[in-house]
Amino acid sequence: VSVSWAPLQRLTNKFTVGADVTRTQAWQFYPKNDGAWYGSDVLNSGQVQQARESSDRWTIDYLGNLTVDVSEDLRADLSWGLQTIATKTDEVSSTGQGLVANPARSVGAAATQIGSQRISENRSNGVFGQVQTSWKDKLFVQVAGRLDRNSAFGLESQYFLSPKVGVSYVSSEEGFWQDGFLGNLARTLRVRAAYGTT
C-alpha cells in the first residue's frame with residue numbers, strides 16, 4: 001500500500017516602489033514704514049524672509065506569503081518581506097532686514113542679510129519573517145521577528161531584532177457558545193494574547 005500526500009499551497013508576492021517628492025516655498029514680507037506698525041524697529045525698517053525645502057522619500061516594499069494546508073484542520077502561513085526607506089531633505093532659508101524701498105522685495109536688496117541651510121539624509125532597512133498556524137480556523141499561534149537598521153544611529157549601527165509571539169482562540173466557534181446563552185449575548189468572541197518588542 002502506498003500513500004501520497006500533496007498539500008495545497010498558495011504563494012503570493014507583492015512588490016511596491018514609491019516616491020514622495022515635495023518642493024515647498026514660503027515667503028514673508030514686512031513693509032518698510034515710518035510709524036510703529038509692528039512694535040519692532042527691525043521689522044519697521046522692512047523685512048523679507050524666504051525659505052525653500054526639497055524633500056525626497058523613496059520606499060521599496062516586498063511582501064511574500066506561502067499558505068500550506070498541512071491537513072484538513074491544520075493550516076500554516078509563512079510570511080516574509082523587506083523594506084527600505086531613504087529620505088533626503090534640503091532646506092534653505094534667508095532673511096533680509098532694512099529695505100531701501102518696499103518695491104525691492106528681495107533678500108539681496110536688504111541692508112542686512114542672514115542665511116542658513118540644513119541638509120539631512122536617513123536610510124532605514126528592515127527584514128521580517130512570520131509563521132502562523134491555525135487549527136480548524138479557531139486556534140491561531142504566531143511567531144515572528146523583524147531585523148531593523150537605521151542610519152540615524154550612525155554608520156556603525158548594527159541590526160537589532162524585534163521578536164513577537166501570539167496566540168488567539170475564537171471561542172465563539174465552539175458548539176457550547178453557539179447553542180447556549182453566550183451565543184445570544186455575543187455572536188463572535190476572540191481571545192488574544194501577544195508579546196512583542198519594537
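Only the coordinates and a few stated rules stand behind these numbers; no lab work does. If you're wondering where the values come from, they're calculated on a predicted model, not measured in any experiment. A quick note on method: Cβ atoms are made from the backbone with ideal geometry, for glycine too, and the neighbour counts reach across all protein chains shown.
When +1 charges are put on Lys and Arg Cβ atoms and -1 charges on Asp and Glu Cβ atoms, the dipole computed for the chain relative to its Cα centre reaches about 160 debye.
In nm, to one decimal, how far is the Thr87 label point from the Asp61 one, both placed 7 Å along Cα→Cβ? That separation, rounded to one decimal, is 1.6 nm. The alpha carbons of segment 13-156 occupy a box of 87, 34, 23 Å along the principal axes, longest dimension given first.
Could you name the lysines in cross-link range of Lys164, using Cα to Cα under 21 Å and dropping any fewer than eight places away on the same chain? Hits, sequence-local ones excluded: Lys138.
Spacing of the modelled spin labels on Leu161 and Ala193, each 7 Å from Cα toward Cβ, amounts to 2.2 nm. Positive-end ranking of Leu147, Gln97, Val170 along the dipole of the chain, with charges on Cβ about the Cα centre, is headed by Gln97. With Cβ to Cβ distances under 14 Å as the rule, what net charge do the other residues near Val167 carry (K, R +1; D, E -1)? Residues close to Val167 contribute a combined charge of +4.
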